[in-house]
1. If you scan the stretch 162-181, which residues turn out to be closer than 30 Å to Ile96 by Cβ and either in contact (Cβ under 8 Å) with a residue 12 or more places away in the chain or surrounded by 13 or more Cβ atoms within 10 Å (Cβ to Cβ) (or both)?
2. Looking at Leu110, Leu47, which is the one that is surrounded by 13 or more Cβ atoms within 10 Å (Cβ to Cβ), in a loop (DSSP other than H, G, I, E, B) and in contact with an Asp or Glu (Cβ under 8 Å, 6 or more places away or on another chain)?
3. May I ask you to verify whether Phe32 is among the aromatic types (Phe, Trp, Tyr) and assigned to a loop (DSSP other than H, G, I, E, B)?
4. Quick check on the stretch 55-90: of everything there that is more than 17 Å from Arg134 (Cβ to Cβ) and charged (D, E, K, R), which residue is surrounded by the most Cβ atoms within 10 Å (Cβ to Cβ)?
5. For Ile53, are the conditions met, namely being under 27 Å from Arg92 (Cβ atoms) and aliphatic (A, V, I, L, M)?
6. Report yes if Glu20 is over 22 Å from Ile77 (Cα atoms), within 20 Å of the chain's Cα centre (by Cα) and touching a residue at least 24 places away in the same chain (Cβ under 8 Å), otherwise no.
Amino acid sequence: METDLFDFAYIPDWYGQLEELEGMVLPEPWQFKRPSVETKNQDTPILERYIHIIFRKQSIDYNSAKEKAEAARYFHIENECACFHTGLYTERYKAIYAFFDRNKRRDSMLDWYFRGFCDEVSPRLKYIEPLPERPHYHVAGRSDSFNPDWPIRVKVEHILGDEENMGRIPYRIRRAKNLPLLLETAVELARRKAVI
């Protein structure tokens, strides 16, 4: 598999695609404050560079995988579609994927055609199971206090069954009929924020 995005797929309206992606992702400054070099892409040069780097990383990891199942963790390539996890998230903390289908253009020799960026609940991804994983980087001396791969078990009864703990929850929320579900949802949202 090619390790350069433009060698892998035909990409129509690349800057328009980046603009659409910028509108999907959590707000970030995607421009340099004082660029040292003039770039063709003045609106989202950091985002553009990031996508190229992530594509390269995921494709190298895909190529290095010893088994098909391991390769699928980095990049899904099967039949008529391909995708990879960008490492970016929507404002609702849904993962964003780059999606491709087979290139049917006669004026291009590339196998894939870039269709765009979509979140994990997009109909484009409905037949892909499992979806590729978020890009991982080995970090020396990683903290033992939080590992995103560890499961979080919410002790609902300990929190909601203790009068002192209940007193910490605002009265308006305390009266909700679905408080246990709200608590677990809040913990999951906090976990996603910490992962990102």
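1. Passing the criteria: none in range.
2. Leu110
3. Working: among the aromatic types (Phe, Trp, Tyr): yes; assigned to a loop (DSSP other than H, G, I, E, B): yes.
So Phe32 passes the test.
4. Looking at the filtered set, the residue picked out is Glu78.
5. When the stated conditions are applied, Ile53 passes them.
6. Yes, satisfied.
Every residue, every condition in (1) modelled with pLDDT of 95 or more; (2) outside the structural domain of Leu189 (by TED's automatic domain parsing); (3) out of contact with any Ser or Thr (no Cβ under 9 Å at 6 or more places or on another chain); (4) in a helix (DSSP H, G or I), yes or no:
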| residue | (1), (2), (3), (4) |
| --- | --- |
| Asp61 | yes, yes, yes, yes |
| Tyr74 | yes, yes, no, no |
| Ile77 | yes, yes, yes, no |
| Cys83 | yes, yes, yes, no |
| Gly87 | yes, yes, yes, no |
| Ala98 | yes, yes, no, no |
| Arg105 | no, yes, yes, no |
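The values are calculated or read from the model by the stated rules, or taken from the named source; none is laboratory data. In this text the structure is predicted, and so the values were computed from the model without any measurement. Here the Cβ is made from the backbone with ideal geometry for all residues, glycine too, and neighbour counts use every protein chain on show.
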